[in-house]
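Only the coordinates and a few stated rules stand behind these numbers; no lab work does. It should be emphasised that the depicted structure is a prediction, and the values quoted were computed from it without experimental measurement. Quick reminder, even Gly has a Cβ in these numbers, built from the backbone with ideal geometry, and neighbours come from all protein chains shown.
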Amino acid sequence: MVEGLDRENKAVPPSELRRFTVMEAVLSITPVKPAPDSLSIVESFDNIQFSWESTLDGPYRVEVFRKTGGGLPLVTQISNASSLNLVLPGQGEYYWQVSVLDAEENTVLTSRQAPFEMVQRLSPPRFTTPEEAGVLSLLGATPLNIGWQPVAGASYYSAELIPVNPAFPTIARESGPEINWNIIDKSRLRPGGYTLQVQAHNPLEGGIVNSSRSAIRSFSLDRVQDYGAPRLTYPAQGQNLSRLQIIDNRPSFRWVQTPALEKQRIRLSSDPNFGTLILDEELDGLSRSIPDLPEGTYYVQLMSEDTLGNKSPDSSIYSFNVTPVPALPGVQNYEPVSGQIIDMQTRDDIRFFWSGIPKTDYYRIALFREGSSKAVFREDKWSGTEYTFNKLEELDTGLFRFEVQAVREMDGKVFQESAVQSVPFELTLPEISEIPDILSPELQYAR
């Protein structure tokens with residue numbers, strides 16, 4: 001209500017009554033970006049956006065401080081807008097504030113300080129292989145070797161191989177700390193161009209991951225072909241081979257391969273780990289004669305490569321057994337037969353005859369009087385299968401035993417023997433029933 005006087009100082013009627021409310025003024029300015037206590041991944045001397053909200057119009061002054069800067073601003077910038085970009089030197093701990101200024105650039109209102117942290121983005125990996133624009137051939141067991149140098153601060157890496165032809169499959173490597181990627185299974189690789197992308201990563205607090213920019217490399221594959229491993233076909237796995245069979249038949253190790261490569265290699269050992277080698281030979285074919293081996297278990301492994309040195313996978317390790325040399329078959333005696341009684345009245349000799357044994361070099365023969373170890377005769381290296389004894393004056397009637405054994409030599413030493421065949425027999429003369437009279441010459445002629 002308003003009261004007053006007129007010019008004559010007389011009271012005039014009061015005005016109507018009006019009511020109103022006086023409120024306290026609300027002035028604010030709030031940092032928005034970088035948000036308080038935020039973490040950002042940046043490049044060196046990166047442009048960082050700062051923005052804020054204010055109830056007052058500008059101009060504004062933005063000040064950025066390092067936590068270790070002693071309270072002196074690192075950067076100060078005036079802007080009429082509510083955002084601006086500032087270049088900061090890189091990773092570190094910072095805080096910032098923004099103020100409203102009057103026309104004379106005096107401070108009217110200042111925000112609270114907003115701390116924030118910046119982490120340097122990891123550097124992209126640097127490739128060691130393959131070379132940029134290189135052309136590779138992947139033949140046999142040769143893998144696609146991809147490698148890069150370690151990145152400081154990285155915990156793991158991701159890699160992706162992208163074919164230029166979109167019809168071919170993209171191949172991704174599972175993330176891990178390894179700085180190489182050897183693609184051994186080439187079933188998804190095709191001839192043609194490829195782009196390789198590799199990133200370095202490091203996890204930070206709050207689920208943030210510091211990831212580098214992708215390192216990119218381009219190369220081409222001109223040939224991609226797997227070679228099959230050699231496969232032994234003889235002897236079979238675990239097969240028993242007689243040493244006699246190896247010596248007499250001269251069998252060979254035999255194997256197959258698809259495709260059959262120009263250079264073959266065979267290793268033979270009695271040690272499954274091939275610590276010592278009996279054979280280690282390079283061949284140009286798919287067979288090799290089996291050497292003379294003593295009794296035991298043996299192991300074979302096959303390897304191969306083409307003329308350019310591209311290798312196939314090694315074969316499995318095969319085992320086989322060499323069994324002892326068996327005895328020669330036993331001799332069968334044809335004359336005399338066991339238990340035969342020989343009448344010596346009309347004989348001038350005794351004939352011994354027996355069966356021949358294949359691959360025999362000679363026979364040991366001997367005749368003994370039964371019960372005696374002294375031989376009537378003995379031949380240690382008789383070459384035939386028949387023997388005639390005519391020194392009958394050295395004999396008498398009675399029981400005898402004929403022994404015959406087949407023998408085979410190798411390198412001047414006895415290699416095989418048969419069992420000794422022992423044939424008992426008897427020699428007899430007929431008995432004289434009457435003793436003749438002895439006549440005088442006179443009586444003899446008188447008759």
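A helix-only calculation puts the chain at -500 deg cm²/dmol for mean residue ellipticity at 222 nm, using -39500 (n - 2.57) for each DSSP H run of at least four residues, averaged over all residues.
The value given for region 29-120 is a Kirkwood hydrodynamic radius of 13.2 Å, derived from the mean inverse Cα-Cα separation.
Counting only residues at least eight positions apart within a chain, or on another chain, the lysines with an alpha carbon under 29 Å from that of residue 186 are 263, 311. With contacts taken as Cα pairs under 8 Å at a separation of at least 6 residues, the chain carries a relative contact order of 9 percent. When the chain is treated as a GNM with alpha-carbon contacts under 10 Å, the residue of 166, 430, 191 showing the greatest mean-square fluctuation is 430.
Note on the chain: semi-axes of the ellipsoid equivalent to its C-alpha gyration tensor, largest first and rounded to whole Å, are 121, 23, 16.
Separation of region 34-80 from region 147-188 is 39 Å, based on Cα centroids. At an R0 of 60 angstrom, the distance between the Cβ atoms of residue 419 and residue 260 translates into a FRET efficiency of 0.80. Comparing 209, 164, 154 along the charge dipole axis of region 127-225, the residue lying farthest to the positive side is 164, per the Cβ-charge model. Inter-part distance, region 226-288 to region 292-340, computed on C-alpha centroids, equals 12 Å. Enclosing the Cα atoms of region 127-225 in their convex hull gives a volume equal to 98 cubic angstrom per residue.
What nm distance separates the two modelled labels at residue 323 and residue 9, each placed 7 Å from Cα along Cα→Cβ? Label at residue 323, label at residue 9, 15.4 nm between them. Dividing the Cα radius of gyration of region 173-289 by 2.2 N^0.38 Å, with N the residue count, gives 1.80.
Stretching the chain fully between residue 346 and residue 394 yields a gain of 15.6 nm (0.36 nm per residue, less the alpha carbon separation). Of the residues 290, 78, 171, the one that moves most in a GNM of the chain with alpha-carbon contacts below 10 Å is 78. What residue among 161, 277, 399 has the largest mean-square fluctuation in a Gaussian network model of the chain, using Cα springs under 10 Å? With Cα springs under 10 Å in the chain, the top fluctuation among 161, 277, 399 is at 399. Within the straight-line cut-off of under 18 Å between alpha carbons, the lysines reachable from residue 359 are 381, 413, sequence neighbours fewer than 8 places apart in one chain being disregarded. With the convex hull of the Cα atoms taken as the outline of region 258-340, the averaged projected area works out to 8.9 nm². When region 304-423 is described by a simple charge dipole with +1 on each Lys and Arg Cβ and -1 on each Asp and Glu Cβ, the residue from 324, 410, 344 located farthest towards its positive end is 344. Each Lys and Arg adds +1 at its Cβ and each Asp and Glu adds -1 at its Cβ; summed about the Cα centre, region 213-259 shows a dipole of about 180 debye. Treating only the Cβ atoms of Lys and Arg (+1) and Asp and Glu (-1) as charged, compute the dipole magnitude of the chain about its Cα centre; round to the nearest 20 debye. It works out to roughly 1320 debye. Packing around the peptides 299-306, 12-19, 383-390, 315-322, taken as the average count of other Cβ atoms within 10 Å per residue, puts them in this order, highest first: 299-306, 315-322, 383-390, 12-19.
The convex hull around the C-alpha trace of region 80-157, projected and averaged over every direction, spans 9.9 square nanometres.
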